[in-house]
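Report on one structure; see the data block that follows.
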């Protein structure tokens, strides 16, 4: 929110044309927004998601997953969407945090099995249904007019892919480590 107040979006956003000279934009792009409604929606989503995942993931782990989702999104934007010239916002990283958090929640061994796995399974399913609907329909699920920005729905896909793969990788590493 402080960066939104400082109006630093153009200096910190992902700009494909200047990334080689200004690589910090790979991370800072996820911290700036195109409008106040955009910033507020992302902040509220982050708060809700952080609260939902809190019993399963400590804040430091959530921050690490958010950061890895940001980097994963950036790599996929760079290689998979060369037509995307700019990007701002936390939503792709939030999609990644949601996906990785749900995968890790599902992978955690629990005594009460099915009931305990229902919430993360529903969360992951809802996330992927939303992302796939955005890709198939060709636009965001949320009305972008009041956000004041064109929503780059491929970033949501890239964040979800990045987060899902990160969650699977961490779960597999935990499993192999516990088995040795």
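Table: residues versus (1) surrounded by 13 or more Cβ atoms within 10 Å (Cβ to Cβ); (2) part of a loop (DSSP other than H, G, I, E, B); (3) at pLDDT below 90.
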{"position": "139", "(1), (2), (3)": "yes, yes, yes"}
{"position": "143", "(1), (2), (3)": "no, yes, yes"}
{"position": "146", "(1), (2), (3)": "no, yes, yes"}
{"position": "149", "(1), (2), (3)": "yes, yes, yes"}
{"position": "154", "(1), (2), (3)": "yes, no, no"}
{"position": "160", "(1), (2), (3)": "yes, no, no"}
{"position": "164", "(1), (2), (3)": "yes, no, no"}
{"position": "174", "(1), (2), (3)": "yes, no, yes"}
{"position": "177", "(1), (2), (3)": "no, no, yes"}
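Restricting attention to region 81-95, which residues are under 18 Å from residue 134 (Cβ atoms), more than 9 Å from the chain's Cα centre (by Cα) and touching a residue at least 60 places away in the same chain (Cβ under 8 Å)? Those that are under 18 Å from residue 134 (Cβ atoms), more than 9 Å from the chain's Cα centre (by Cα) and touching a residue at least 60 places away in the same chain (Cβ under 8 Å): 81, 84, 87, 88, 89. Of the residues 63, 20, the single one that is at pLDDT 85 or above, out of contact with any strand residue (DSSP E or B) (no Cβ under 8 Å at 6 or more places or on another chain), surrounded by fewer than 17 Cβ atoms within 10 Å (Cβ to Cβ) and not in a helix (DSSP H, G or I) is 20.
In a residue-by-residue description of region 29-45, the property of being surrounded by 24 or more Cβ atoms within 10 Å (Cβ to Cβ) and part of a helix (DSSP H, G or I) applies to at least one position.
Residue-wise test of (1) surrounded by 19 or more Cβ atoms within 10 Å (Cβ to Cβ); (2) under 13 Å from the mean Cα position of the chain (by Cα); (3) part of a helix (DSSP H, G or I).
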| position | (1), (2), (3) |
| --- | --- |
| 48 | no, no, yes |
| 57 | yes, no, no |
| 71 | no, yes, yes |
| 79 | no, no, yes |
| 97 | yes, yes, yes |
| 101 | yes, yes, yes |
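The values are calculated or read from the model by the stated rules, or taken from the named source; none is laboratory data. None of these values were measured; they are calculated from a predicted model. We place every Cβ from the backbone using ideal geometry, glycine too, and count neighbours over all the protein chains shown.
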